[in-house]
Amino acid sequence: MCRYTDALVTLMPLVLGLHDQLKTAARDGDMESSHGICRIAVAMGETHSRVLLEQVEHWQEYLALVNMILFCTGIPGYYPVSETTSSLTLTFWYTLQDDILSFDEEKQAVYLQVYRPVYFQLVDVLLHKSHYPSQEEYASWSSDDKEQFRIYRVDISDTLMYVYEMLGAELLSNLYDRLGRQLMDPQLSAVWQDTEALLFGFQSIAETIDVNYSDVIPGLIGLIPRINISNVMLADTVMYAIGSLAEWLADHPVMLGGILPMVLQGLVKPELSVSSVSTLKRICRECRHDLSPYAQDVLTVSQDVLVKEIHKSSQCMWLMQALGFLLSALPVDEILGRLHSLITPHVQRLDTLAQQEPDPTNKQAIVHILGMLSSLFTTLDIRDSDSSESASSQRPSTPQSTPNPVVVVLQQVFTLIQTILSKWLDDSEVVEAVCGVFDKSVRTLLHDFGPMVAHLSEMLGQIYSAYPQSSALDLARQMVHIFSGEEQHLCTIRGLIEVLTSVTLHLFQQGPRNHPDIAESFMNLHAQILKRKPELYLSEQLDVKGLFYCGILTLKFPETPTVKAAAQFFTELLPRCKDMPSLGEVLQRDGQLLTETILQAVGGESSRSLTEHFSEVLLSLNRHCPALLAQWLKESLQSPGFPSAHVSSEQKHSFSQQLLREQTNKRRVKEIVKEFSLLCRGLQGAG
């Protein structure tokens, strides 16, 4: 160890001796030389950071090396166009900080005295390196260079956030003082890049650190409206900086009045689409209980940009989610009126589209509008936000004197949606969008969706009978999850399940291989039924034998989610076989086939990655019918060459014995099945 340290100490002057060469290379734009020297300095500083810190008598030399690396971080030029060196240094600053903070408090204090000033310099350097070039120069960059610069700024942002741990509140005060000076001096504020970099630094820290206790944030919120956001890059950063302070604004709602107009100003500009919409969404989510005084302004501007189609489709969805949060916190008697004025232009357009003959342009417009309604209903939740999480799934809500506004709207547009479906029934994208509207509504409204259950069940049955699609099954699963426990809806839910099951069984008879999504959703639906309301399996209209066989066929699919769904179906079904004679009979009759199918799959017919799901079914069989499983294993495995010619009778017998001994240890069963699968494939020892 001593010799190793001596060697490092001897090397140090040689590395430091390259500093002048580095400066010359940087001045002359010799990227290759500066890159090479920087790599040497970083390799030495990063790899041996702790050892070099411990050489107290050589502290000045190590500090010189750190300053040399700081020069590399701040090397002149724009990354990645005129320099590619600075990015090599960023991880060094993490390592040095970690090593300093890992010493005991007494040593730490000494090191911090030396290195805190260096880290403050580092912040200045990083902010300078994050500067955008002039707009003309930036416009000349290739899209690849712009993307690399974006990633570089993200790396700088992460480094600033990390450095905050060492510099603490003093760093925010430092940034705030500089921003204040910048904005108060017209000459300084004319250089938009300096303002943008300081805000970028604030945002980097506020995005991940709890700034609620910082005494500079009120001043920052006061400064932001003074910023001229005519420059797009600066305006973008202003929006993100405001968004990063949304939680702080929720605790200090009195400050919203000065900030919201800027966000709404950004919302009307297409070039600020992503930043302004995401910031408005964050504010509406965090501050919704204090937005009532500003609701009209937010809704007016939002309605205007939606009608004028200023934003791309995905931002329109975010904006609708923002408005859902906003509406949720308004008095219930106000919501319906505002909701109507918000969606009426879009519903009218949907009505016009519904009358026209199907074509690709119409289709995209229909899917877009249905998507906007889905997004709105995802967040428009008038239940008390504190109690809704725990109470919603436990019990139905008490009857309300006024119906839920979302239900009122859904009832009003239901006929229109049926008209759309009548023309687009064979288009999975449109059907999925329709189901999405109801799926999001059911998830948000939970039991308040009750008045729609009968209408929706009838429509789902019609959709699926005419053109089976997985989105209809997924929506039915949500309805089973929420409404199967309510007596008034049980008959409707039972009827829907019978229709969906009958149609799917018919599809399976024709050959299900081309419909892995339907097989997966069907298995998930029935797993949910067995979990929430197994009594539905007592219906004489439900072909339990057919269902069991469907499960066996689905286990043979190559797609992982489909096999996983089938395994889940069986692990929910097998515990019910004791108490439900119809299930017990099917298990007695077809359990051997189920066991053989799993053994074949494990033995090589299915991918090795699926073995885990088969092991879950075997464990469930062993838990709930061990005697039967022992008999089925014996009968199946005595066939020569089954499930593979690679395994001997002794190995098959050993597998059976090991498996039958485990009724609780899931991990051990997985290991046993995995090991047997490798043997069957001639891969023993390859696990």
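Divide by every residue of the chain the summed helix terms, -39500 (n - 2.57) for each DSSP H run of at least 4, and state the resulting mean residue ellipticity at 222 nm, rounded to the nearest 500 deg cm²/dmol.
For the chain, the value works out to -24000 deg cm²/dmol.
Between beta-carbons, use under 11 Å as the cut-off and find the net charge around residue 268, counting Lys and Arg +1, Asp and Glu -1.
0
Have a look at 34, 59, 93 and report the one farthest towards the positive end of the charge dipole of the stretch 1-167, computed about the Cα centre with Cβ charges (Lys/Arg +1, Asp/Glu -1).
34
Roughly how many nanometres apart are two label points built 7 Å out from the Cα toward the Cβ at residue 487 and residue 10?
So the label points at residue 487 and residue 10 sit 9.2 nm apart.
Which is farthest toward the positive dipole end of the chain among 305, 252, 600, measuring Cα position about the Cα centre, with Cβ charges +1 (Lys, Arg) and -1 (Asp, Glu)?
Farthest towards the positive end: 600.
About its Cα centre, what dipole magnitude does the stretch 577-687 give when the only charges are +1 on Lys and Arg Cβ and -1 on Asp and Glu Cβ, stated in debye to the nearest 20?
320 debye
Please work out the FRET efficiency for the pair residue 402 and residue 212, using the Cβ-Cβ distance as r and a Förster radius of 45 Å; give the result to the nearest 0.05.
Step by step, r from the Cβ atoms, then E = 0.75.
If I model a spin label as a point 7 Å beyond the Cα along the Cα-Cβ vector, how far apart are those points for residue 646 and residue 134 in nm?
So the two model labels end up 6.8 nm from each other.
What FRET efficiency comes out for residue 364 versus residue 121 if R0 is 45 angstrom and r is the Cβ-Cβ distance? Round to the nearest 0.05.
0.25
Work through the residues other than residue 432 whose Cβ is under 14 Å from its Cβ and net out their charges, Lys, Arg +1 and Asp, Glu -1.
After counting each charged neighbour, the total is -4.
Holding the Cα-Cα limit at 24 Å, pick out from 440/533; 531/652; 545/674; 146/308 the pairs that are longer than that.
531/652; 545/674; 146/308
Cross-link candidates for residue 23: which lysines have Cα within less than 20 Å, leaving aside residues fewer than 8 places away along the same chain?
In chain and number order, the partners are 129.
Under a straight-distance cross-link criterion of Cα-Cα below 15 Å, which aspartates and glutamates are reachable from residue 666, leaving out those fewer than 8 residues away in the same chain?
612, 616, 675
At what distance in nm do the modelled label points of residue 458 and residue 61 sit from each other, each positioned 7 Å from its Cα along Cα→Cβ?
Result for the modelled spin labels: 8.9 nm.
All other residues with a Cβ under 12 Å from the Cβ of residue 54 taken together, and with Lys, Arg as +1 and Asp, Glu as -1, what is their net charge?
0
Sorting check: for 77-90, 56-69, 557-570, which peptide has the highest mean count of neighbouring beta carbons within 10 Å, and how do the rest follow?
Output ranking for 77-90, 56-69, 557-570: 557-570, 77-90, 56-69.
Quick one: grab Rg to one decimal and Dmax as a whole number for the stretch 1-167, Cα atoms only, in Å.
Cα radius of gyration and Dmax of the stretch 1-167 are 16.7, 56 Å respectively.
Using +1 on the beta carbon of Lys and Arg, -1 on that of Asp and Glu, and nothing else charged, what's the dipole of the stretch 16-67 about the Cα centre, debye to 20?
100 debye
Any idea which of 500, 342, 475 is furthest toward the positive side of the dipole for the chain, if Lys and Arg beta-carbons carry +1 and Asp and Glu beta-carbons -1?
In the chain, that residue is 500.
Can you work out the FRET efficiency for the pair residue 107 and residue 145, with r the C-beta to C-beta distance and R0 = 51 Å, to the nearest 0.05?
Here the calculated transfer efficiency is 0.70.
Which whole-number percent of Cα pairs in the stretch 119-180 have a distance greater than 20 Å?
In whole percent, the share of Cα-Cα pairs in the stretch 119-180 beyond 20 Å is 36.
Rounded to the nearest 20 debye, what is the charge dipole size of the chain about its Cα centre when +1 sits on each Lys and Arg Cβ and -1 on each Asp and Glu Cβ?
1920 debye
We did not get these values from a lab; they are worked out from the coordinates using the rules stated. Predicted, not measured: the structure shown is a model, and the values here were computed from it. Note that each Cβ is placed from the backbone with ideal geometry, even for glycine, and that neighbours are counted across all protein chains shown.
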